[in-house]
Structure formats: structure tokens, C-alpha cells
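The values are calculated or read from the model by the stated rules, or taken from the named source; none is laboratory data. As the structure is a prediction and not an experimental result, all values here were calculated from the model. Please note: Cβ atoms are built from the backbone with ideal geometry, for glycine as well, and neighbour counts cover all protein chains shown.
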Amino acid sequence: FGSGGAEAVEIALKTARYATKKRKIVSIIKGYHGHSGLSVATGDDRFSKIFLADRPEEFVQVPFNDADALEAVLRKGDVAAFIIETIPATYGFPMPAEGYLKTCQDLCHKYGAKFISDEVQTGLMRTGVMWGWQGYGLRPDIFVTGKGLGGGIYPISACLVNEECGGWLHEDGAAHISTSGGAELGCLVGHHVIEMLERPEVISNVAFVSEFFARSMQEMMARHSDIFVGVRQRGVVLGLEFDHPEGAVAVSRALYENGVWAIFSSLDKRVLQFKPGVVLDVDLCQEIMDRFDAAMPRARQLLKSPRRAA
């Protein structure tokens, strides 16, 4: 256990290195897995170079949705792990091509690397199933979760490993320790979150919320087609695409002024990360869409301003 997603990623990467006795880590271009030592090195240069954390001899990046590029790196036989978000959040939630993730997992196993799924943003029923990897027929060697696991009450994250990778826990259980990771309150909250998400009524509500916003966003896009040009969605994970290099920055600000919090994607500012809660009711869903509609004129105004949305 850890207290944040980056710490869980650190555990995952160290575990993969232990299990394979290799050091090299592969991730995707424009990926993001945290801001701490190992995790920041897997992300975009924007996050790593400022702290001199870019280490090309140990951390390699390949294009998203390009399994051939991944195989070219794995073929050398010196890779400990490939880490990827089921749907890369900071990149604007681009959807994986059919079969891409399964191919990546199979390639990892073919060349002796571990497949790590980062479920910090896509886990906990957000894609319509408990873990995003389940919806793609995967079985990762290691996966991490965080954020919603704490229910907004207590910060907690977790790294889950299979028996083969977790040997270090038997060898030296204190090889990784965390001051607040696994705290009693955090574990109680996390247990309750999992239990709640497994309830049939919550599972059906996730389907309702997903369908509501799928329909509503298409209607919204038709009304504002001059700037709102695309919807990327799986479950209640949505990336909303705007026809301007910083379109999502303006929309994010306009929404905030209208009482809705949704952030732009740091590595593709055309795309807004829109992630409604899994337990919303119909009235709140409709209120969000009404506020969204009301915010669009302000977004247009911001985009026309010389200062943009800054």
C-alpha cells in the first residue's frame, strides 16, 4: 500500500525489476504515471527533464497503439516491464485500438518482461467494470490503483502483484515501507469503496450514467459543433475534444465558473477530461449538462480573447 498513485507505481516498477533482474522500463510517449523518482521517468519529458530524471538508458518510450514499436524494444531482451494506463488520461483518453493491449501483454510475456496496468484513473468501475484491464481481456502481472480507492476521505493507493512477481515480499517484507501506506483508516475506507462498487445497484447505475452522458454529449456536440468536435468514451471515462489547440483549457475554466470541475489534458489541451461520478442520479446528471450548456458561450469568449484562457 501507498498514499498516492505515484508511490504505487514505484512499487510496481521495483517489483518488476526484482522479478526479472532487468532494469529497463518501457512506457508510451505522452504517458503519465506520477511525479516521483521512478514514476516521473516513465512520463513525458515535460515532467522529467526539469528534474534531470530522463534516463534514456533505462527508460524508453514508444508510440501509443503501436505494438510493432513495442516489440522492437522488447526484442532486445533487456526490458523489465511495460507500463501503460488502460486509457491514457493525461494524453486525453485516446482509446486503444482493438486488440492492442492484449498484443502488448502477449509480447511482454514472449520476451520475458512484465506487463503493468496503471488503473489509478481507469479502475474502480470507471470503465464499466471494476478494473479497466478486465474489459480488454487482460491479466496483468502487476497493476496499481489509487485516487478513488480512498473515497475522497483518506489518501490510499495499492500495488497488486501475482505470486511470481511478489517473491520479494517473502524474502524481505520490509523492502518497501510507507509511513501512511496501509493505514487502518485508509484500509477501512478502501474496503468499503470496493464493497460498495460491487453492489448490483451501483453496477447498474454506472451503466445508466455512462449511457446518459453518451447520449447527452452527442446532443451537446450537435449544438456546439463549431468548437465541440469529438467524444472519446468508455464507461464514465470521457475525453471531450475541442477544435482549438487550447480548447479544453477555455472550456475547463468556463465550466468551473459555472460550478462544474473538469480538467484539461496536460499533454493534449484540445481534450477535456470529463469523469462523472459513478453514483450520480438523473437529476444531478441533468444539472451537469445544463451547466455545461450554459458554459459554452463563455468558452467561446475565452477562446477569442487575446489572453486565451490563461
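Some observations on this one:
- Filter result for the condition that a residue is over 30 Å from ARG46 (Cα atoms) and within 25 Å of the chain's Cα centre (by Cα), over VAL209, VAL251: VAL209
- Residue within the stretch 195-202 that is in contact with an Asp or Glu (Cβ under 8 Å, 6 or more places away or on another chain), of a type in the set (D, E, K, R) and exposed (fewer than 15 other Cβ atoms within 10 Å of the Cβ) present: no
For (1) charged (D, E, K, R); (2) buried (at least 22 other Cβ atoms within 10 Å of the Cβ); (3) in contact (Cβ under 8 Å) with a residue 40 or more places away in the chain, each residue gets a yes or a no:
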{"site": "LEU124", "(1), (2), (3)": "no, yes, yes"}
{"site": "TRP133", "(1), (2), (3)": "no, yes, yes"}
{"site": "GLY152", "(1), (2), (3)": "no, no, no"}
{"site": "PRO155", "(1), (2), (3)": "no, no, yes"}
{"site": "HIS170", "(1), (2), (3)": "no, no, no"}
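- Flag for PHE242 being touching a residue at least 24 places away in the same chain (Cβ under 8 Å), farther than 27 Å from TYR136 by Cα and buried (at least 21 other Cβ atoms within 10 Å of the Cβ): yes
- Restricting ASP54, ASP78, ASP44 to residues that are of a type in the set (D, E, K, R), modelled with pLDDT under 95 and in contact with a Lys or Arg (Cβ under 8 Å, 6 or more places away or on another chain) narrows the list to ASP44.
- Flag for SER180 being over 19 Å from THR127 (Cβ atoms), at pLDDT 95 or above, over 21 Å from the mean Cα position of the chain (by Cα) and not aliphatic (A, V, I, L, M): no
- Whether a residue is surrounded by 14 or more Cβ atoms within 10 Å (Cβ to Cβ), part of a loop (DSSP other than H, G, I, E, B) and of a type in the set (A, V, I, L, M) was assessed, and VAL260 passes this test.
- Residue within the stretch 82-96 that is more than 27 Å from PHE274 (Cβ to Cβ) and either modelled with pLDDT of 90 or more or in the same structural domain as LEU238 (by TED's automatic domain parsing) (or both) present: yes
- Within the stretch 127-150, the residues that satisfy the criterion of being under 21 Å from VAL189 (Cβ atoms) and in a strand (DSSP E or B) are PHE143, VAL144, THR145.
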